[in-house]
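Have a look at the structure below, then the notes.
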Amino acid sequence: MIPASFDYLAPTSVEEALSVLAEAGDDAKVLAGGQSLLPILRMRLNAPEKVVDLGRIEALRGVRDGGDHLAIGAMTPYSDVVANDLVREHAGLLARAVETVADPQIRHRGTLGGALVHADPAGDVGAPVLALDATMVVVGPGGERTVPATEFFHDLFETAVGDGELLTEIRIPKHTGWGSAYEKFVRVSHQWSIVAVAATVRVEGGSIAEARVGLTNMGNTPLRATAVEQALVGSSASGLADACAAAAEGTNPPSDLNGDADYRRHLATVLTRRAVQKAMEG
Amino acid sequence: MTRITVTVDGVSCTDEVEPRMLLVHYLREVVGKVGTVVGCDTSNCGACTVHLDGRSVKSCNVLAVQADGHEVTTIEGLATNGELHPMQAAFHENHALQCGYCTPGMIMQAVDLLKENPNPSEEEIRVGLEGNLCRCTGYHNIVKAVAAVAASSSSERSSV
Ligand SMILES: Cc1cc2nc3c(=O)[nH]c(=O)nc-3n(C[C@H](O)[C@H](O)[C@H](O)COP(=O)(O)OP(=O)(O)OC[C@H]3O[C@@H](n4cnc5c(N)ncnc54)[C@H](O)[C@@H]3O)c2cc1C
Ligand code: FES
Ligand code: FES
């Protein structure tokens, strides 16, 4: 399968990319790692006239220590996110989730920013980014704005990033010393999440002082299980099942060949308990 | 058309390509590296795996223009002076292939795996190869071959 013809543009700065996009109007598509976009173009589900490759903009790559937060460039490949010491120390949940995405080859190309803008509800990066209270930096013709993760995901494959705009950076408040786990349920290796749960907790004297829980594929967007987060405060390892029983509250999971909505609701409670338990262990 | 310069298996190649051309088609049809094959065309099987700047990628999911100015190594570039790369030799010795279709990609990914983790457990080998499908072998001898290379290079390391 071969994509339809397009013009290829490879800007080397964010400013240049924005002006190329402004000139191209509706007919341009941004290319990051290409691990979602190229299959789409090859299947001809989309046929843009212009493809604007961000791959030559060095400023969009890498992880920076921003004091109370980490600033991750949108074009940082998954494999660099997982291997990064700052991420492992201050945002362990993100590393745990990203290392489950696809396979090593795809993690070498796919980027954190590309996956977030793609916003597949079964994708593995939305839930941890939401649970870690990240902020997204979006630039466009009108300048730069920041969008909290809670307002970033609008619907299936729709985010706060509009036409002609770019996601440039993901800022993650440091969660130093928090334990974390990503429980991804699949039937065979190398599959998309049927359901997955991202949990990170701060433990004090054997019980949970603070908890953050994100859900993958339990609705059109990644979701926070806020009822569970509140119920977990003060829990010890033996009292988790009750607190996690509300994991599916307020969710709207899909029904498909992998399982119906009720099955997914049940899975969410089980995986939440497992994830929180593992997170408490480190 | 866009003019690109890519170093393929150590040789610099300059060509005019359509921006929509996939790297795998560039390698096979323009450069002639037919050792790299297309198995699925949906980026699932891993048969087309090559190294781009030393990291494994599925060449059916990269545009040739994205490789402009970069270095590609294919299965044809692994052997040196007519001598098989240790991973190629281990696949041969351990009967790690039957029809051989998955082999070029499997070997390229196995080389990448050991570069990132020189002493993998059996589980780590299996997970590291999860993006490469084999319809014939049941994976058993592939895992054995990769473990054999890891073991011989770690004994080499400890003997120096
Ligand atoms: C075989 C296979 C298995 C996979 N398995 C999984 C899995 O298990 N879990 C999972 O989460 N994902 C999986 N994926 C998807 C993978 O995670 C994609 O890499 C990722 O979704 C897209 O990131 P990218 O950098 O490749 O973006 P691209 O594919 O280049 O772009 C994706 C979309 O985002 C837009 N975009 C990208 N970057 C920006 C930006 N900075 N600003 C504005 N717009 C932008 C593009 O225009 C495009 O619409 C799989 C993919 C494949 C091919
Ligand atoms: S041909 Fe590229 S992954 Fe199958
Ligand atoms: S040997 Fe036939 S597909 Fe692997």
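The values are calculated or read from the model by the stated rules, or taken from the named source; none is laboratory data. Small disclaimer: the values here were computed from a predicted structure and weren't measured. Backbone-built Cβ (ideal geometry, glycine too); neighbour counts: all protein chains shown.
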For this session: Test each condition in (1) within 15 Å of the chain's Cα centre (by Cα); (2) crowded, with 17+ Cβ neighbours inside 10 Å for A:GLU151 and report the one that comes out false.
Result: (2)
Exercise. Taking the stated definitions as given, is A:LEU38 in the same structural domain as A:GLU16 (by TED's automatic domain parsing) and not in a loop (DSSP other than H, G, I, E, B)?
Worked result: yes
Exercise. Before we move on, is A:LEU41 without any contact (Cβ under 8 Å) to a residue 40 or more places away in the chain, within 11 Å of chain B (Cβ to nearest Cβ) and not acidic (Asp, Glu)?
Worked result: yes
Exercise. What about B:VAL72, is it within 14 Å of another protein chain (Cβ to nearest Cβ) and more than 16 Å from ligand 2 (Cβ to nearest atom)?
Worked result: no
Exercise. Would you pick out the residues in segment A:4-19 that are surrounded by 18 or more Cβ atoms within 10 Å (Cβ to Cβ) and over 15 Å from B:VAL65 (Cβ atoms)?
Worked result: A:ALA17, A:LEU18
Exercise. Is there any pair linking a residue in segment A:260-273 that is assigned by TED's automatic domain parsing to the domain that holds A:ALA241 to one that is surrounded by fewer than 18 Cβ atoms within 10 Å (Cβ to Cβ), with Cβ under 6 Å and at least six apart or on different chains, and which?
Worked result: A:ALA261/A:SER255; A:THR269/A:ALA245; A:ARG273/A:ALA241
Problem set entry | Total residues in segment B:92-111, condition more than 9 Å from ligand 3 (Cβ to nearest atom) and closer than 21 Å to A:GLN105 by Cα | 7
Problem set entry | Any chance B:GLY77 is away from ligand 3 (no atom under 16 Å from the Cβ), more than 14 Å from every other protein chain (Cβ to nearest Cβ) and surrounded by fewer than 16 Cβ atoms within 10 Å (Cβ to Cβ) | no
For this session: Can you confirm whether segment B:11-19 contains a residue that is surrounded by 19 or more Cβ atoms within 10 Å (Cβ to Cβ) and within 14 Å of another protein chain (Cβ to nearest Cβ)?
Result: yes
Seminar exercise, completed: Residues of segment B:92-136 being exposed (fewer than 15 other Cβ atoms within 10 Å of the Cβ) and in contact with an Asp or Glu (Cβ under 9 Å, 6 or more places away or on another chain), in sequence order, are B:ASN117
For this session: Go through segment B:75-98 and count every residue that is farther than 22 Å from B:ALA147 by Cβ and within 16 Å of ligand 2 (Cβ to nearest atom).
Result: 0
Problem set entry | Evaluation of B:VAL72 against (1) surrounded by fewer than 19 Cβ atoms within 10 Å (Cβ to Cβ); (2) more than 15 Å from ligand 3 (Cβ to nearest atom); (3) of a type in the set (A, V, I, L, M, F, W, C); (4) in contact (Cβ under 8 Å) with a residue 60 or more places away in the chain (one fails), failing number | (1)
Problem set entry | Single residue of B:GLY105, B:GLY39, B:GLY46 found to be touching a residue at least 40 places away in the same chain (Cβ under 8 Å), assigned by TED's automatic domain parsing to the domain that holds B:SER152 and within 11 Å of ligand 2 (Cβ to nearest atom) | B:GLY105
For this session: Residue by residue through segment A:207-222, note down the ones that are of a type in the set (A, V, I, L, M) and closer than 14 Å to A:TYR182 by Cα.
Result: A:ALA211, A:VAL213, A:LEU215
